[in-house]
Amino acid sequence: MSRPDGHRKLDFLIAGAQKGGTCTLDAIFRKHPQIQMARRKETHFFDDESHHWETPNYDKLDAYFGASDDRLRGEATPITLYWQPAIRRVHQYNPDIKLILLLRNPVERAFSHWRKVYSSGRDALPFSDAIREGRDRVQVQAEVEGLHRYFSYVERGLYGRQLAYLLDYFPRQQIHCEVSEDFFGDQAATLQRLSIFLGIHPFPALPPVHKNSGPTFAAVSTLSEDDIAYLSAVFREDVAAVEAFLGRSIPEWGSAVTQARAQRDQGRTHSRGATEHLRLSLRRLLRTPVERWPRRG
């Protein structure tokens, strides 16, 4: 798809979630002959608050790609799903773009995120403190709209709220969501679904790929049973919302939501009315209003 000035637009975006396997997915996508990925993973174009977004200049984004050809253009910046201004900017840029999400168990994701930030020296708080009283820092030190790049260990795992916000701007049929545990359990099956979603030939046969792998929370003694129980309670309603979005349960996440409850919206995902119905369903599951910004005119 081209912009009025003749430049090619992105056809898809791997929009989330951080520590969910997006490095692996990006590496695999680079091997497909019908896909042209940005020269580097995580361009951070749409979440860059230094841009003049009143009159956006997309030349910097274009510079991540080579000569125009028939391949699908895409990039992977996993903060996008969490960074609400980026969602609005992506819609302004290309309302027809396809969005790919790779969501990991939010408890495990939170610990992996903290481990990365802690090891880099950006955070001195132990994990138990960071996910409790340390959450105040997200609002107090927010960069924009209550969002924080580094201390958002819990907030980035509130997938249900993020999906509800995403549905304010994009219809359900433009969003493809995979569970990270399923992806790493059977990459071939996941890639088959993604090839159908993107409308490309099947991915070539590849040995299993796993970039930036690390130990799971169950194998790391510093993540206590108390922390697991605490976060599981925090994420419970959001996990239910993800299950409603997918139309199935996610037993790998330890959810107590039944398959029957998750399937209520199954088969209703491809019309504009269904998108509104699903968005309202997510909000009911969350029991709290999702902050709403002015929608497109």
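The values are calculated or read from the model by the stated rules, or taken from the named source; none is laboratory data. Worth saying up front: this structure is predicted, and the values here are computed from it rather than measured. Because the Cβ atoms are built from the backbone with ideal geometry, glycine has one as well, and the counts that use them run over all protein chains shown. Calculation scope for accessible area: heavy atoms of the full protein, side chains included, ligands and nucleic acids excluded. Shrake-Rupley method; radii C 1.70, N 1.55, O 1.52, S 1.80 Å.
Things worth noting here:
- Take each peptide in 177-183, 200-206, count the other Cβ atoms within 10 Å of every residue, and average; sorted highest first, the result is 177-183, 200-206.
- Dimensionless Rg/Rh of the stretch 112-212 - Kirkwood Rh, Rg from C-alpha atoms: 1.07
- About the Cα centre, charge dipole magnitude for the stretch 68-220 (Lys/Arg +1, Asp/Glu -1 at Cβ), debye: 140 debye
- Across the stretch 104-112, rounded Karplus estimates of 3J(HN,Hα) from the backbone phi angles (6.51 cos²θ - 1.76 cosθ + 1.60, θ = phi - 60°) give 9, 2, x, 5, 5, 4, 4, 5, 4 Hz, Gly and Pro being marked x.
- Amide H to amide H, with H built 1.01 Å from N, GLU178 comes under 5 Å of LEU101, LEU102, LEU103, counting only residues 5 or more places away or on other chains.
- Packing-based ranking, highest mean first, of 155-166, 61-72, 185-196, 81-92 given that Cβ atoms within 10 Å are counted: 155-166, 81-92, 185-196, 61-72
- Ranking by accessible area, most exposed first, for GLU225, GLU49 with a 1.4 Å probe: GLU225, GLU49
- Ranking by accessible area, most exposed first, for VAL209, VAL138 with a 1.4 Å probe: VAL209, VAL138
- Size of electric dipole in the stretch 82-130: Cβ of Lys, Arg +1 and of Asp, Glu -1, about Cα centre, debye, nearest 20: 140 debye
- Available extension along the chain between ASP69 and GLN34 is 11.6 nm, counting 0.36 nm per residue and deducting the alpha carbon span.
- Sites VAL209 and LYS60, calculated FRET efficiency, Cβ-Cβ separation with R0 30 Å, nearest 0.05: 0.55
- Most to least accessible of SER112, SER128 (protein chains only, probe 1.4 Å): SER128, SER112
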